[in-house]
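Report on one structure; see the data block that follows.
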Amino acid sequence: MGKEVDRTQYVNPLVDRYSSKEMSYNFSDVHKFRTWRRLWIALAESERQLGIEITEEQIAELKANEDNIDFEFARQKEKELRHDVMAHVHTYGEVCPKARGIIHLGATSAYVGDNTDLIQIRDGLDMVIRKQAAIIDALATFSAEWKDLPCLAFTHLQPAQLTTLGKRATLWLQDFVLDMDELEFRKKSLRFRGVKGTTGTQASFLQLFNGDHAKVDELDEMVTEKLGFAQRYGVTGQTYPRKVDYSVLSTLAGVAISAHKMANDIRLMQTRGELEEPFETKQVGSSAMAYKRNPMRCERLTALARHVISNTMNPAFTAASQFFERTLDDSANRRLSIPESFLGIDAIQSICLNVIRGLVVYPKVLDRYVREQLPFMATESILMAGVQAGGDRQELHESVRQHSMEVTLALREQGAPNDLIDRLAADPAFDAIKDKMGDLATPELFIGRSPQQVTRFIEEHVQPIRERYSEHLGQTAELNV
């Protein structure tokens with residue numbers, strides 16, 4: 001902790017550059033091995049309560065040295081024994097000579113390893129959920145602010161109709177709300193491995209309690225409660241089901257997908273000059289092109305999102321390839337895939353908060369694009385108004401078609417303004433409605449129920465989240481680099 005980084009060795013950028021100290025600590029060695037000791041204390045306490053010959057003095061010694069970890073001694077022991085758990089059993093025993101003989105009593109390595117993983121996953125999900133609530137709140141505020149501002153809506157990346165900027169942002173918002181549903185479900189359904197023994201049969205604990213099945217069950221339940229879990233997995237092999245890792249990382253990937261989609265939309269809109277991610281006064285966009293204002297935050301976000309999304313394949317293959325009660329080929333993979341997914345999502349969420357809270361909107365640019373395309377979009381209304389005024393539908397349709405083709409050609413070949421409305425107003429076929437032509441091409445007539453949809457979505461879907469996580473909504477995020 002606080003140790004100078006050795007720059008001659010590779011340093012994971014997720015830790016060094018992108019993620020928060022809080023999430024990094026959650027997967028740190030200090031937190032991991034302190035949690036191992038919490039688990040050993042809980043086990044010993046529970047065994048003593050159930051009649052095993054463990055003294056209060058031994059428990060007190062374990063508690064007094066819970067944070068007294070000699071990492072160098074543990075490293076040397078692991079090099080000698082080729083076993084990380086036994087190395088730390090010895091390390092704990094060195095400072096707890098009275099309790100040395102009862103540390104890890106009846107347990108297998110997965111007791112500390114797997115249960116610690118589940119604690120880290122649970123606490124990591126808590127952090128993700130809290131930050132997700134802040135993202136949802138910030139994006140809802142942005143959506144509400146711009147719910148009435150017309151902008152072009154696209155299908156096939158081609159102008160289609162109009163929407164509003166707030167409505168588009170609400171599409172991003174809904175994705176994050178759906179992710180919140182998944183995160184909350186995953187947190188609620190997460191269970192503890194508990195005290196299951198070497199292959200999950202609890203044989204060692206049954207022997208420890210002289211065949212008393214009720215006490216074995218009670219031990220499992222007591223330790224589970226002491227570590228803050230309401231439920232434990234009903235049966236296990238040596239490990240908790242590795243499908244759990246896949247489910248959790250898939251949920252995190254869902255957040256990454258939503259963030260990636262939003263960031264891509266922002267990048268496209270920034271290309272068009274419609275809005276812009278935060279750009280600091282001394283920020284350099286390009287080493288060669290000094291004028292550039294690159295969307296580096298959203299680009300970083302999408303890069304990290306791809307890493308998190310692709311990482312779901314690791315627990316999928318690991319869960320699928322476990323032999324019988326467990327094989328150790330899960331260990332090295334999970335040391336990488338689980339922390340990196342949480343660290344990656346933590347970084348992504350920080351960027352999301354930073355970008356959303358700092359988005360700059362350029363209404364006049366949005367309006368210019370709307371005005372360029374609106375005459376085409378208004379032709380259906382103009383056509384219907386012409387028919388209602390007594391015109392022949394087919395003749396009016398042909399006039400609209402011919403004028404539209406001429407305007408399109410002028411737009412593309414000459415860069416001319418879109419004067420379709422003026423052309424139609426000057427066409428004798430539309431004499432009956434020429435004075436209404438301008439009113440029929442007002443942007444607000446073509447945004448449908450966009451403002452109302454934004455308001456209703458926030459009331460129905462965002463407000464409950466705001467109420468559940470009210471104390472976490474004001475979060476801000478500064479990027480490290």
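Read the figures in this text as sums done on the coordinates, not as results from a lab. In this text, all values refer to a predicted model and were calculated from it rather than measured experimentally. Here the Cβ positions follow ideal geometry from the backbone for every residue, glycine too, while neighbour counts run over all protein chains shown.
Mind giving me the nanometre distance, one decimal, between the label points for ASN333 and SER310, set 7 Å out from Cα along Cα→Cβ?
My value for the distance between the label points is 1.7 nm.
Along the charge dipole of the range 306-389, Cβ charges K/R +1 and D/E -1, which of ILE345, GLY386, VAL365 sits furthest on the positive end?
Checked the options; the winner is VAL365.
Where both partners of a DSSP beta bridge lie in the chain, what percent of those bridges are antiparallel, to the nearest 5? Walk me through the numbers on the way to the answer.
On the way: 8 of 9 bridges.
Antiparallel: roughly 90 percent of the beta bridges in the chain.
Between LEU105 and ARG371, with labels modelled 7 Å along Cα→Cβ, what's the label distance in nm to one decimal, could you check?
Going from the LEU105 label point to the ARG371 one covers 8.3 nm.
Pick out, from ASN311, SER331, MET262, the residue whose Cα sits farthest towards the positive end of the charge dipole of the chain, with +1 on the Cβ of Lys and Arg and -1 on the Cβ of Asp and Glu.
My answer, from the dipole projection, is SER331.
Within the range 1-125, count lysine pairs with alpha carbon atoms under 27 angstrom apart where the residues are 8 or more positions apart or belong to different chains.
16
Which of PHE317, PHE33, PHE430, PHE185 has the fewest other C-beta atoms within 10 Å, and how do the rest follow up to the most?
With the sparsest Cβ surroundings first, the list reads PHE185, PHE317, PHE33, PHE430.
Under 29 Å Cα to Cα from LYS436, which lysines show up? Leave out anything in the same chain fewer than 8 places away.
LYS147, LYS167, LYS364
Give, rounded to the nearest 20 debye, the magnitude of the charge dipole that the chain has about its Cα centre when Lys and Arg contribute +1 at Cβ and Asp and Glu contribute -1 at Cβ. Mind showing how you got there, number by number?
Numbers: 59 positive and 69 negative charges, 142 e Å.
With only Lys, Arg, Asp and Glu charged at Cβ, the dipole is about 680 debye.
How big is the dipole moment of the range 344-383 about its Cα centre under a simple scheme where the beta carbon of each Lys and Arg is +1, that of each Asp and Glu is -1, and everything else is neutral? Debye, nearest 20, please.
I would put it at about 180 debye.
For the charge dipole of the chain, defined by +1 on Lys and Arg C-beta atoms and -1 on Asp and Glu C-beta atoms about the Cα centroid, which residue among ILE421, ALA138, HIS213 has the Cα displaced farthest towards the positive pole?
HIS213
Given bins 5 angstrom wide, list per bin the percent of all Cα-Cα distances in the range 365-437, short to long.
Values per bin, smallest distances first: 3, 17, 29, 24, 15, 9, 3, 1.
Listing VAL244, VAL195, VAL370, VAL95 from the residue with the fewest other Cβ atoms within 10 Å to the one with the most, what is the order?
VAL95, VAL370, VAL244, VAL195
Residues of the range 161-176 with amide nitrogen under 17 Å from the 7 Å Cα-to-Cβ point of ARG449?
Backbone N within reach: 162-164, 167-168, 170-171.
Using only Cα atoms and rounding to the nearest 10 degrees, what angle (0 to 90) does helix 84-95 make with the longest principal axis of the chain?
60
In whole angstrom, note down how far apart the Cα centers of the range 12-83 and the range 401-415 are.
Going from one Cα centre to the other spans 73 Å.
Would you mind checking the tilt of helix 393-414 against the longest principal axis of the Cα atoms of the chain, expressed as 0 to 90 degrees and rounded to 10?
70
Hey, could you grab the Kirkwood Rh for the range 1-102? Inverse mean 1/r over distinct alpha carbon pairs, Å, one decimal.
15.4
For the chain, build the convex hull from the C-alpha positions and give me its volume per residue in Å³.
It comes to 198 Å³ per residue, whole-number rounded.
How do 246-254, 337-345 rank on mean C-beta neighbours within 10 Å, highest first?
Descending packing order for the listed peptides: 337-345, 246-254.
Once all Cα-Cα distances of the range 193-330 are split into 10 Å bins that start at 0, what whole-number percent is in each one?
All Cα pairs considered, the percentages come to 11, 24, 20, 15, 13, 11, 5, 1.
Express the C-alpha Rg of the range 128-213 as a ratio against the empirical globular expectation 2.2 N^0.38 Å, rounded to two decimals.
Its radius of gyration relative to the 2.2 N^0.38 Å reference: 2.07.
With r as the distance between the Cβ atoms of GLU57 and HIS213 and R0 = 35 Å, compute the FRET efficiency 1/(1 + (r/R0)^6) and round to 0.05.
Taking R0 as 35 Å, the efficiency between HIS213 and GLU57 is 0.70.
Between GLU380 and LYS364, with labels modelled 7 Å along Cα→Cβ, what's the label distance in nm to one decimal, could you check?
3.2
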